[in-house]
Amino acid sequence: MSIRSERKEEHLKLAQMFFNKQKYNSFDQLHLLRPALPETKVDTQTLGVEMFKKRVSAPFFINAMTGGSQKSKAVNKALGHVAAKENIAFALGSASILAKEKNQLDSFYVAREENPDGVLMVNVNPETPIDATKRIIHELKADALQIHLNTVQEIAMPEGDRNFLWLDHIKEMREQIDIPIIIKEVGFGLDAATIHTLKNIGIQYFDIAGSGGTNFAQIENARNSRDVSYLEDIGLPTVVSALMAKKEDVSFIVSGGVRNPLDVLKGLALGGQYVGISNVFLQEYNQNGTEGLEKLISAWKNELAGLIAVYGQSSLASLPQIKKYYDLPLKSQIDQLL
Ligand code: FNR
């Protein structure tokens, strides 16, 4: 197995080992005001939404995780299957490995095979050559391209990148790639200045991927002989990062630490167009297989529709109007940063 494939398998193993569903995060410090007399009724039809020119059944999706190894192939096949069954979008993990190891295409393609008509996003690092990226998009019939920014993860990895001069290449990708591009973090959050810079070069979509869920400093620390656990707490909390994206007036996805349908509602109330979930869905699949994950996603749809009605709303478009209030530690961060 190549070093890259081995790393993918270690990430899957460690994401499971460190999974902690109940972990307290910034969503717990954000509250939404609820009318006791909402004058609404529960309707799952309100969840349907357009995503990259296709119709999906819900505004939440399975976010980027894996590809590029035997175990990833099985995971992508299963997640692709569930995404098709439930008609929600699915983002593959980084396919940059395909620039060097074309024989790994299968471990990504299985997801497209399982879900020929659904929304499928591909994911690359910001250094992936343009011709390889175009080939990946074409081969997987991708509906959108995620480019991940992961500096903290890279410095936590002894074998990681040490050159973060990425802007010119992202600009070139923007000019030469003709499907929507989403700039994405991996769990340390996008800040306002970064969003602003990228907005100015024509990037239209952002996945803020804030802190509070999967922590790649923790995962890489476990693969490392040196202790880099001091990197675990330097992320920007998901709620703060979402408020920054909102203020920059861009289209954005809320992700990082989404644990349940209430977190999804909060992400949408913050102004996120969609909400991405990675490890919670992966661990449901690990524990209860494709059937378990299908059931969970179907339950989340019903519960989210229930919450929308309870919070006095009858469409996704009106959710940002829900009154929000914050616990003081989070309020203090917001006051200092926004
Ligand atoms: C990830 N994530 C990720 N992100 C990315 O852009 N490219 C990638 O290849 C991967 N790989 C990956 C592997 C595994 C096993 C996990 C759990 C996660 C990060 C992911 O998309 C997301 O941003 C973070 O996991 C935060 O979301 P959750 O897990 O807290 O919902």
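Each value in this text was obtained by applying a stated rule to the coordinates, not by laboratory testing. Keep in mind that this is a model prediction, so the values were computed, not measured. Cβ: placed from backbone, ideal geometry, glycine included. Neighbour counts: every protein chain shown.
Would you kindly give the portion of the calculated P(r) for segment 1-149 that falls above 23 Å, as a percent of all Cα pairs? Value for segment 1-149 (Cα pairs over 23 Å): 45 percent. Here's the list of aspartates and glutamates a cross-link from K324 could span, going by alpha-carbon distance under 16 Å and ignoring same-chain residues fewer than 8 apart: D28, D263, D335. Using Cβ point charges alone (K and R +1, D and E -1), the dipole size of segment 3-337 about the Cα centre works out to roughly 420 debye. Over the Cα atoms of segment 176-244, each weighted equally, I'd like the Debye log10 I(q)/I(0) at q = 0.15, 0.24, 0.28 Å⁻¹, rounded to two decimals. These q points yield log10 I(q)/I(0) values of -0.56, -0.97, -1.14.
If you take the alpha carbon atoms of segment 77-171 and fit the smallest convex hull around them, that volume is 108 Å³ per residue.
Among I3, I155, sorting on how many other beta-carbon atoms sit within 10 Å of each Cβ, with the fewest leading, yields I3, I155.
Fewest Cβ neighbours within 10 Å first, please rank W166, W300 accordingly.
W166, W300
Reducing segment 17-94 and segment 321-336 to their Cα centroids gives an inter-centroid distance of 25 Å. When only Cα pairs below 8 angstrom with a gap of at least 6 residues are kept, segment 3-337 shows a relative contact order of 22 percent. Each peptide among 215-228, 237-250, 27-40 gets the average number of other Cβ atoms lying within 10 Å of its residues, and from highest to lowest they stand as 237-250, 215-228, 27-40. The string of couplings for segment 162-178 from the Karplus curve (6.51, -1.76, 1.60, θ = phi - 60°) is 10, 10, 10, 7, 10, 4, 4, 5, 4, 4, 5, 4, 4, 6, 9, 10, 9 Hz, one whole number per residue in order, with x for Gly and Pro.
Can you compute the helix-only [θ] at 222 nm over the chain? Use -39500 (n - 2.57) per DSSP H run of at least 4 residues, normalise by all residues, nearest 500 deg cm²/dmol.
Calculated from helices alone, the mean residue ellipticity at 222 nm is -13500 deg cm²/dmol.
Normalising the average separation of contacting C-alpha pairs (under 8 angstrom, six or more residues apart) by the number of residues puts the relative contact order of segment 258-318 at 39 percent. Along segment 77-83 the Karplus relation, 6.51 cos²θ - 1.76 cosθ + 1.60 evaluated at θ = phi - 60°, assigns HN-Hα couplings of 4, 5, 5, x, 4, 5, 4 Hz to successive residues, with x for each Gly and Pro.
Largest GNM mean-square fluctuation among H81, H11, H169, using the chain with Cα springs under 10 Å: H169. Of the trypsin sites (Lys or Arg not before Pro) found in segment 250-326, those in coil by DSSP whose Cβ has at most 14 other Cβ atoms within 10 Å are K323.
Sort segment 3-337 into rounded, prolate or oblate with this rule: let a ≥ b ≥ c be the square roots of the eigenvalues of the Cα gyration tensor; rounded if a/c is under 1.5, and if a/c is not under 1.5, prolate when a/b is larger than b/c, oblate otherwise. The shape class here is rounded.
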